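Presented below is the structure to which this report refers.
The values are calculated or read from the model by the stated rules, or taken from the named source; none is laboratory data. What you see is a predicted model, and the numbers here were worked out from it, not measured in a lab. Quick reminder, even Gly has a Cβ in these numbers, built from the backbone with ideal geometry, and neighbours come from all protein chains shown. Just the protein is used for accessible areas: all its heavy atoms, side chains included, with ligands, DNA and RNA removed. Shrake-Rupley method; radii C 1.70, N 1.55, O 1.52, S 1.80 Å.
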Amino acid sequence: MNYDCIIIGGGPAGLQAAIQLGRYMRSVLIIDAGEGRSSACRKYSNLLGFPEGVSGETLRRRGLRQVENLGVKRVEEVVGHVHKSFTEFIVQTQTDRVYTGKSVLFATGIRDAFPDVPGLKECLGISVYLCPDCDGYEVKNRRTAVWGRGDSGAAMAEIIHYWTRDILYVNHEAFPLSAEKRAGLENKKIPVYEAVVTHLTHHGGQLQSLHGSNGEAWSVEKTFLAFGGSRPQTGLADSLGVIQDEKGHVHVDPRTKMTNIDGVWAAGDILMHSQLVSTAAADGAQAAVWIHKYLHRQSF
């Protein structure tokens, strides 16, 4: 089957695009690896209609049910290669399955860089956060640690200082810290601890303390992670010649979300914007509108 659109990535951007395209009665295939930031986050608290918060798993499960009711197909696979023939896009998975489509939407998200230590994953989205635009409000006037590496962590600590003054910075592995950033922390009276964090203690995802390899422990209620090195997952798009910036974010038309390659769109955290779920979903919906217009023109 030659699908109208193949969506690579089944997070908020990909699912929202699939909903819109399904409502246009387009044939759509989602190829999703079943991982990513939204699958790990246990609570989003900044979304319209969910004042009590909602987990990424719940959003994905409900979204998948919604797209299936619209006739959208989904396979859990890892895409190994994408290329374009004269008339279609050919998508090959790592298990050598091949799918073809008239258009492609990359919604492959971002890969975060942070240590895999006991207790961390259970707290993500509940008391451990990644995005200050998304969750800075959650630490308002709370005892908070920024756990990161070097200048990236220092920059996050200065940002989080807006919401709380009760803040400390744990510089993982005593990573080099510039004089400028150290001075910025001192100016805001943010103490710096040089340590390797080995585990987190928590109760039902509610953080209680960070523990260092030297026996130190920091009693905190909230933590922001800032290790640097997070990269948009744009290798597949790059193989098609999609233009990216120096940090790997895909360039798209701000109105249509189409890339420089005809028939190829991108949405979500692989673009340069605040990493909000609502923004990612909006990207997906906007891209879908213009994918439909593109397909409609191709039929005449």
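Annotations for the structure displayed:
- Whenever a residue of the stretch 280-297 is farther than 19 Å from CYS134 by Cβ, its partners that are among the basic types (Lys, Arg) and crowded, with 23+ Cβ neighbours inside 10 Å, lying with C-beta atoms within less than 8 angstrom and at least six residues away or across chains, give the pairs GLN286/LYS257; ALA287/LYS257; TRP290/LYS257.
- All positions within the stretch 132-146 that are of a type outside the set (Phe, Trp, Tyr) and either open to solvent by less than 10 Å² (accessible area, probe 1.4 Å) or not in a loop (DSSP other than H, G, I, E, B) (or both): PRO132, ASP133, CYS134, ASP135, GLY136, GLU138, VAL139, THR144, ALA145, VAL146
- Helices (runs of 4 or more DSSP H) completely within the stretch 147-263 that count 3 or more residues being crowded, with 18+ Cβ neighbours inside 10 Å, of a type in the set (S, T, N, Q) and within 23 Å of the chain's Cα centre (by Cα): none
- When every residue of the stretch 190-202 is checked against the conditions, none turns out to be of a type in the set (Phe, Trp, Tyr) and in contact with a Lys or Arg (Cβ under 9 Å, 6 or more places away or on another chain).
- Matching residues in the stretch 197-256 - criterion: being closer than 27 Å to GLU35 by Cβ, in contact with a strand residue (DSSP E or B) (Cβ under 9 Å, 6 or more places away or on another chain) and of a type in the set (S, T, N, Q): THR198, THR201, THR223, SER230, GLN233, THR234, SER239, GLN244
- In the stretch 1-39, the residues that are charged (D, E, K, R) and within 15 Å of the chain's Cα centre (by Cα): ASP32, GLU35, ARG37
- Subset tally (residues that are among the charged types (D, E, K, R) and touching a residue at least 12 places away in the same chain (Cβ under 8 Å)) for the stretch 256-276: 2
- Qualifying residue in the stretch 251-259 (condition: within 25 Å of PRO115 (Cβ to Cβ), of a type outside the set (A, V, I, L, M) and modelled with pLDDT of 95 or more): no
- Flag if ASP269 is assigned to a loop (DSSP other than H, G, I, E, B), open to solvent by less than 60 Å² (accessible area, probe 1.4 Å), within 21 Å of ARG37 (Cα to Cα) and in contact with a helix residue (DSSP H, G or I) (Cβ under 7 Å, 6 or more places away or on another chain): yes
- Residues located in the stretch 34-67, provided they are among the aliphatic types (A, V, I, L, M) and either in contact with a His (Cβ under 7 Å, 6 or more places away or on another chain) or more than 17 Å from GLY284 (Cβ to Cβ) (or both): ALA40, VAL54
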